[in-house]
1. Cβ-Cβ distance below 9 Å, separation of 6 or more or different chains: which pairs start in the stretch 257-281 with a residue that is over 11 Å from Leu159 (Cβ atoms) and surrounded by 10 or more Cβ atoms within 10 Å (Cβ to Cβ) and end on one that is at pLDDT 95 or above and charged (D, E, K, R)?
2. Please count how many residues of the stretch 121-164 are among the aliphatic types (A, V, I, L, M), within 20 Å of the chain's Cα centre (by Cα) and farther than 13 Å from Val247 by Cβ.
3. Among the residues of the stretch 154-168 satisfying the criterion of being among the hydrophobic types (A, V, I, L, M, F, W, C) and in contact (Cβ under 8 Å) with a residue 24 or more places away in the chain, which is farthest from Tyr227 (Cα to Cα)?
4. Given (1) in contact (Cβ under 8 Å) with a residue 24 or more places away in the chain; (2) more than 20 Å from Asp226 (Cβ to Cβ), where does Arg171 come up short, assuming only one miss?
5. For the stretch 11-40, which positions are aliphatic (A, V, I, L, M) and out of contact with any Pro (no Cβ under 9 Å at 6 or more places or on another chain)?
6. Do any strands (runs of 3 or more DSSP E) entirely within the stretch 13-128 hold 3 or more residues that are in contact with a Cys (Cβ under 9 Å, 6 or more places away or on another chain), and if so, which?
7. When the stretch 216-231 is examined, which residues are found to be outside any loop (DSSP other than H, G, I, E, B), surrounded by 18 or more Cβ atoms within 10 Å (Cβ to Cβ) and not small (Gly, Ala, Ser)?
Amino acid sequence: MNATSAPRPETEGLSVSVVVYRPELAQLTSTLASLGAACEALRAVRPGLPVTLYIVDNGGLPDVQRELDALKTHRIETSILSGHGNVGYGRGHNLAIERTASRYHLVLNPDIDLDRDALLRAVDFFEANPEVGLLTPWIGDEQGHQQFLCRRYPTLLDLFVRGFLPGSVRRLFTRRLARYEMRDVINERDIVWDPPIVSGCFMLFRTGVLKQLAGFDARYFLYFEDYDLSLRAHDVARVVYAPAVRVLHHGGGAARKGSAHIKMFMASAYKFFSRFGWKWL
């Protein structure tokens with residue numbers, strides 16, 4: 001179904017947006033199932049909390065009616081936003097953000113599996129720390145190893161080494177990449193305040209902060225829109241890495257997705273550095 005109605009006048013609850021383009025059904029199903037379980041755990045402590053999921057169809061969405069029916073058993077209201085074509089990652093999320101009036105909004109990738117207690121712990125953290133506007137979790141890979149997706153401000157060399165060099169050569173830059181990935185402070189135990197850049201695969205916002213920022217910058221079609229939004233978020237609220245909130249990420253880098261993604265990556269990198277400042281080495 002297409003959702004074209006105005007947002008409900010609510011100031012409580014959680015909204016979630018998932019932008020998809022030709023998604024793998026099995027992984028999307030897993031993501032939605034984990035979201036349902038996490039919402040159930042959240043509601044066990046906060047009964048009656050409204051939750052709305054927006055699936056933004058940028059093209060190629062398979063039949064997910066069975067999955068949406070399953071979410072209804074968790075009392076999650078669902079809407080599919082479609083018919084707009086492939087408008088890009090950030091603009092897709094903005095279609096949902098402009099509709100919602102929830103207290104919290106989760107920007108979620110369709111390749112993320114949430115820990116059952118992830119949303120409960122995240123909301124508890126927000127309510128205990130009113131200065132926080134954006135939360136990023138501990139993120140693991142398919143083997144359960146930590147992915148270091150918080151970032152310091154990148155140089156062009158950092159991006160090239162991490163994204164495009166083979167592993168045998170990349171090892172020569174281990175110390176440099178470790179600093180870029182904040183491995184000296186990011187771990188599975190310690191809260192880290194104000195990491196400069198956090199990953200767009202799971203960004204949980206106070207919706208008021210996200211509205212104040214006007215969502216993602218639509219000039220990025222794909223890549224770097226999360227870098228841009230992270231840096232702007234620091235202007236209006238605090239950003240936190242909270243490792244008690246846990247998710248698994250099944251994604252991959254641009255260089256492993258073919259030449260079209262490399263071109264998009266380079267185009268977005270140019271826009272990012274042109275806005276925030278070039279840093280070469």
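1. Between residues of the stretch 257-281 that are over 11 Å from Leu159 (Cβ atoms) and surrounded by 10 or more Cβ atoms within 10 Å (Cβ to Cβ) and residues that are at pLDDT 95 or above and charged (D, E, K, R), the close pairs are Lys271/Asp217; Lys271/Arg219; Lys271/Asp228; Arg275/Asp217; Arg275/Arg219; Arg275/Asp228; Phe276/Asp228.
2. Residues flagged as among the aliphatic types (A, V, I, L, M), within 20 Å of the chain's Cα centre (by Cα) and farther than 13 Å from Val247 by Cβ within the stretch 121-164 amount to 4.
3. In this case the residue turns out to be Phe164.
4. Checking Arg171 against (1) in contact (Cβ under 8 Å) with a residue 24 or more places away in the chain; (2) more than 20 Å from Asp226 (Cβ to Cβ), the one that fails is (1).
5. Within the stretch 11-40, Val16, Ala26, Ala33, Leu35, Ala37, Ala38 meet the criteria.
6. none
7. If the condition is that a residue be outside any loop (DSSP other than H, G, I, E, B), surrounded by 18 or more Cβ atoms within 10 Å (Cβ to Cβ) and not small (Gly, Ala, Ser), then Glu225, Asp226, Tyr227, Asp228, Leu229 are the ones that fit.
Yes or no, residue by residue, for (1) in contact with a helix residue (DSSP H, G or I) (Cβ under 6 Å, 6 or more places away or on another chain); (2) touching a residue at least 40 places away in the same chain (Cβ under 8 Å); (3) within 23 Å of Tyr21 (Cβ to Cβ); (4) surrounded by 18 or more Cβ atoms within 10 Å (Cβ to Cβ):
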residue: Leu35; (1), (2), (3), (4): no, yes, yes, yes
residue: Arg75; (1), (2), (3), (4): no, no, no, no
residue: Leu81; (1), (2), (3), (4): yes, yes, yes, yes
residue: Asn86; (1), (2), (3), (4): no, yes, yes, no
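The values are calculated or read from the model by the stated rules, or taken from the named source; none is laboratory data. Predicted model only: the values in this text are computed from it and were never measured. Virtual Cβ from ideal backbone geometry, glycine too; neighbours counted across all protein chains shown.
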